[in-house]
Amino acid sequence: MNVLLKAATIIDVTHKEHHQKKRDILIKNGIISEIAPKIDAEKSTKIIELDNLHVSVGWFDSSVSFGEPGHEERETIENGLFTAAKSGFTDVVLNPNTNPLPDSSSDIVFLKNKADNNPTKLYPLGALTVKSEGEVLAELFDMQHSGAVAFSDFKNPTKNSNLLKIALQYAQGFDALVYSFPLDVQIAGKGVVNEEKVSTRLGLKGIPSLAEELQISRDLSILEYTGGKLHIPTISAANSVKLIAAAKRKGLDVTCSVAVHNLALTDELLEGFDTNYKVMPPLRTKKDTRTLIKGVLDGVIDFVTSDHTPLNVEEKIIEFDNAAYGTIGLESAFGALNQIFEIETTIQLLTKGRERYNIETPKLAKGEIANLTLFNPDSKKEFSKEDIFATCKNSAFLGQEMLGNVYGIIVDKNILL
């Protein structure tokens, strides 16, 4: 099938020839065959004309959770990838928080096979330790050979410093990326939200930003000793940005990410005890969000993620202390980011990061396989449950104003609009 996108404004800072210009884009049998101010369609061509159509290369998310296997009631892989596609993402990295956890090569093969034949591609993380219990390293080499792109125990911090040291040393033998979640569990204690004025006023146990900073400081010291490749996912505190910036100036091979909700929302929203705002790491203060945003703009924070975590209503509609951590985020990622940053920056944030996982970055150019996201950056609306494609509706952005909407994706010969 041939497809012609009409009058699409291209957002692509890597190709100045077409950036911020309206172009027709002709796709033949999944390949971009022509980009020009005007292209006449042949009879058999499917023409796509959409209001204020903008196009970029397909978006990437480094942290999504579904449910399958073991928690299919939260989200199946099939519907999770559909949700990602409708949200503009053509590549996603899947967190290891299923049941059983993916800590062997056969688990990775299962996930890859379940995701076959979807326009959005799934790249699984393998568990860093067996059952993510933090005691014994999992089959890292075998899992990477089967398709795991990095190794993480998701929100389970690596308490054993020597284990992280050994993991970083061992992983260098096959150029693997090791995660360490930034939380000192002893400092965090039984805290459930950010430790600040709001937690004190509400009578909720707090998690000080110190819990994050101490773990990051420890991890960076180990990385400096061992070498290797370290990723620190979803930081949330102002001082964390400073620690990572200093490590990068030393030349350490470290990257980090931040969740959209930690950029856009603060702990002031906790006043209503809405458990959709119970996330890990917790929402923090305006000072933290300002520093995180600056860290993104300065390049200290390498990429932004939805940290999409679907949870059943039974896990959320209970007492705040007992509710599970997490919010869905795929559907709201673009609209929330676009409220914070200029459109060029928003698209750069949504398209960077693949190289850290050795995933090929698509190109919006003649002769390339189509890997495109279609969107309107200027529409405004209040985010509601009607905008959610995920099975679970636990969104921290319900009722928030969004700037922009996503039409869908085109990948190879697949069109999902």
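The values are calculated or read from the model by the stated rules, or taken from the named source; none is laboratory data. Computed from a prediction, not measured in an experiment: that's the story for all the values here. Virtual Cβ from ideal backbone geometry, glycine too; neighbours counted across all protein chains shown. Just the protein is used for accessible areas: all its heavy atoms, side chains included, with ligands, DNA and RNA removed. Shrake-Rupley method; radii C 1.70, N 1.55, O 1.52, S 1.80 Å.
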### Query
If we count every other residue with Cβ under 11 angstrom of GLY299's Cβ, Lys/Arg +1 and Asp/Glu -1, where does the sum land?
+1
### Query
So, with a 1.4 angstrom probe, what is the percent of accessible area on the chain that is carbon and sulfur?
48
### Task
Specify the inter-centroid distance of segment 44-102 and segment 246-266, based on alpha-carbon positions, in whole Å.
23
### Peptide ranges 151-160, 114-123 listed from the most packed, as the mean C-beta count within 10 angstrom indicates
151-160, 114-123
#### Entry: Placed amide H near GLN20: partners under 5 Å, 5+ positions off or other chain
ILE10, ILE11, ASP12
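Could you give the size of the charge dipole of the chain about its Cα centre, using +1 on the Cβ of each K and R and -1 on the Cβ of each D and E, expressed in debye and rounded to the nearest 20?
Here the chain has a charge dipole of around 960 debye.
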### Summary
For segment 159-169, in residue order, the Karplus 3J(HN,Hα) values (coefficients 6.51, -1.76, 1.60; θ = phi - 60°; whole Hz; Gly and Pro = x) are 6, 7, 4, 5, 5, 5, 4, 5, 4, 5, 5
### Query
When the helix-only estimate is applied to the chain (DSSP H runs of n ≥ 4, each -39,500 (n - 2.57), divided by the residue count), what is the mean residue ellipticity at 222 nm, nearest 500 deg cm²/dmol?
-8000 deg cm²/dmol
### Query
Could you give the dipole magnitude of segment 290-417 about its Cα centre, charging the beta-carbon of Lys and Arg +1 and that of Asp and Glu -1, in debye to the nearest 20?
340
### Task
Provide the per-residue ³J(HN,Hα) series for segment 220-232, in order, calculated from phi with Karplus coefficients 6.51, -1.76, 1.60 and θ = phi - 60°, each as a whole number of Hz, with x at glycine and proline positions.
5, 5, 5, 4, 4, 6, 8, x, x, 10, 10, 10, 10
### Query
Non-local amide H neighbours of GLY329 (under 5 Å, H modeled in plane, Pro and chain starts lacking H): which ones?
HIS308, THR309
### Task
Would you please classify the overall shape of segment 234-382 from the alpha carbon gyration tensor, given that a ≥ b ≥ c denote the square roots of the eigenvalues, rounded means a/c under 1.5, and beyond that prolate means a/b larger than b/c while oblate covers the rest?
oblate
### Summary
Pseudo-spin-label distance GLU271 to SER33, built 7 Å along Cα→Cβ, given in nm, is 5.9
### Task
Ratio to report: Rg/Rh of segment 99-206, with Cα atoms as the point set and Rh obtained by the Kirkwood method; give two decimals.
1.10
### Query
From the Cα gyration tensor of the chain, with a ≥ b ≥ c the square roots of its eigenvalues, which class applies: rounded if a/c is under 1.5, or else prolate if a/b is larger than b/c, or else oblate?
prolate
### Task
Please report the Cα spread of segment 283-337 along all three principal axes, rounded to whole Å, starting with the longest.
40, 23, 17
### Query
Between ASN2 and LEU417, what length comes free when the chain is fully extended (0.36 nm per residue of separation minus the Cα-Cα distance, one decimal in nm)?
147.8 nm
### Task
Would you please give the residues with an amide H less than 5 Å from that of ASN194, counting only those at least 5 places away or on a separate chain, with H modeled from the backbone geometry?
ILE207, LEU283
### Message
Using a Förster radius of 56 Å, what is the FRET efficiency between ARG249 and LYS43 based on their Cβ-Cβ separation? Nearest 0.05, please.
### Response
0.40
### Query
Cα centroids of segment 300-361 and segment 104-138: how far apart, whole angstrom?
20
### Message
I'd like the accessible area for PHE273: 1.4 Å probe, protein heavy atoms, all chains in place, Å² to the nearest 10.
### Response
90
### Task
Have a look at ALA171, VAL149, PRO182 and report the one farthest towards the positive end of the charge dipole of segment 131-199, computed about the Cα centre with Cβ charges (Lys/Arg +1, Asp/Glu -1).
PRO182
### Task
Mind checking the per residue accessible area of segment 317-417 for me, 1.4 Å probe, whole number of Å²?
44
## Note on the structure
Quick note, segment 142-290: a/c under 1.5 would make it rounded; otherwise a/b > b/c is prolate and the rest oblate (a ≥ b ≥ c, C-alpha gyration tensor); here it is prolate
### Query
Accessible area per residue of segment 102-235 at 1.4 Å probe, in Å²?
43
### Summary
Among VAL64, VAL198, VAL136, the residue with the largest mean-square fluctuation in a Gaussian network model of the chain built from Cα contacts under 10 Å is VAL136
### Hz values of 3J(HN,Hα) by residue in segment 69-82 - Karplus curve (6.51, -1.76, 1.60), Gly and Pro given as x
x, x, 10, 4, 5, 6, 5, 7, 4, 4, 6, x, 6, 4
